[in-house]
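Shown next, in structure tokens, is the structure this report addresses.
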Amino acid sequence: MRILITGGSGFLGWNLLQHFKDTHHILGTFGRHRPEDAGGEFIHLDIRDAVEVRRVVRSVGPDIIIHTAAMTSPAECMRNKNLAREINLSGTENIARAAKEEKARLIFISTDRVFGGEKGDYRETDPTGPRGHYGETKLLGEEIVKRIASNYIILRLPLMYGPSSPFSSSFLGFMLDGFRDNKTLELFQDQFRTPLYVEDAGRGIELLLDRPELTGLYHLGGRERIDRCDFGYRMAETFGFEPSVIRPTLMTDKRDIPPTPADATLNSNKFFSATGFRGRNVNEGLLALKLKYSLLFGSDKCW
Ligand SMILES: NC(=O)c1ccc[n+]([C@@H]2O[C@H](COP(=O)([O-])OP(=O)(O)OC[C@H]3O[C@@H](n4cnc5c(N)ncnc54)[C@H](OP(=O)(O)O)[C@@H]3O)[C@@H](O)[C@H]2O)c1
């Protein structure tokens, strides 16, 4: 299968490229950051440029486009609302139109941040209500995909963790820095997620590739609901870090962070029943990551 991954230089796109590179014909796109040693083909593409998007998609002729490229920092989206709209709305519109023209199936990656976070355990049928500009633009991106694309999946993913791309890391990067440098890590006890090991995102998407009849909206969260502080303690335990650097903190006491859902946990039963997928829980995911690091670097240290 020919797969075009937008945002191949980013955390998720990079990991998906690694996941699929031995089994499919893969091409990744990059915006400002050109990966040098990518283990796959790469092409420059600014998704805001409709003409360029059409040209690239036509020349690649993909069976599937996995659209991960986005402005992803909630703080940056708040600071630069116009740019966030250009990338997350116009960019998505360009990709959706090109996918339709080329009769490619589109997998649009969305986020748990389309929810307000008041109740958690969100199903696909639950009302949305993003709390910041990032979530708003991703939700509007979903609407654009529904309106324009003819063959699509909208896949809402939760907070993910895993190996960094050359230019972008998951939230683990910030924690690793803290543990490594013995810096206090303020971790929220009142922010709940269903974190997903990024390799499981790849495994889940792989199942979608084999099931062309599946369309529409799906959640793919991890198996476990956990707060960020507990996640930090599990990380310390798995990797042998000193847990005393963790300072349990309440998000509600903080004034200087962008609006963030308290409980954006995803209920993924629809995806699990449709595909038979069963991902790892947090301990299993962290152990798998530790093993991956030891294979990559010959040690279970992540730096
Ligand atoms: N990471 C998570 O935990 C998480 C959770 C839920 C959903 N998601 C979703 O997953 C997707 C990927 O997230 P991520 O964490 O991998 O993000 P990331 O590391 O910030 O990567 C973003 C990617 O988008 C590309 N990009 C940005 N602006 C572009 C433009 N104008 N034209 C072309 N490419 C552009 C970047 O390319 P350059 O760097 O080369 O410019 C980069 O490859 C996003 O859609 C996000 O909403 C992520």
Any strands (runs of 3 or more DSSP E) falling wholly within the stretch 129-235 and containing at least 2 residues that are within 11 Å of the ligand (Cβ to nearest atom), of a type in the set (A, V, I, L, M) and closer than 28 Å to Glu93 by Cα: 152-157
Long-range neighbours under 6 Å by Cβ, at least six apart or interchain, first residue within 17 Å of Gly216 (Cα to Cα) and touching a residue at least 24 places away in the same chain (Cβ under 8 Å) within the stretch 87-111, second open to solvent by less than 50 Å² (accessible area, probe 1.4 Å) and among the acidic types (Asp, Glu): Ser110/Glu142
Lone qualifier among Arg211, Arg228 - being open to solvent by 20 Å² or more (accessible area, probe 1.4 Å), over 18 Å from Val145 (Cβ atoms) and under 20 Å from the mean Cα position of the chain (by Cα): Arg228
Residue match in the stretch 13-36 (condition: small (Gly, Ala, Ser) and surrounded by fewer than 15 Cβ atoms within 10 Å (Cβ to Cβ)): no
Residues that are among the charged types (D, E, K, R) and either within 18 Å of the chain's Cα centre (by Cα) or closer than 19 Å to Tyr152 by Cβ (or both), drawn from the stretch 86-122: Glu93, Arg97, Lys100, Glu101, Glu102, Lys103, Arg105, Asp112, Arg113
Search result, residues across the stretch 173-184 that are touching a Cys at 6+ places or on another chain (Cβ under 9 Å) and under 27 Å from Glu118 (Cβ atoms): none
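The values are calculated or read from the model by the stated rules, or taken from the named source; none is laboratory data. Only a predicted model underlies this, so the values are computations on that prediction, with no experimental measurement involved. For neighbour counting, all protein chains shown are included, and Cβ atoms are generated from backbone atoms with ideal geometry for every residue, glycine included. With ligands, DNA and RNA removed, areas are computed over all heavy atoms of the protein, side chains included. Shrake-Rupley method; radii C 1.70, N 1.55, O 1.52, S 1.80 Å.
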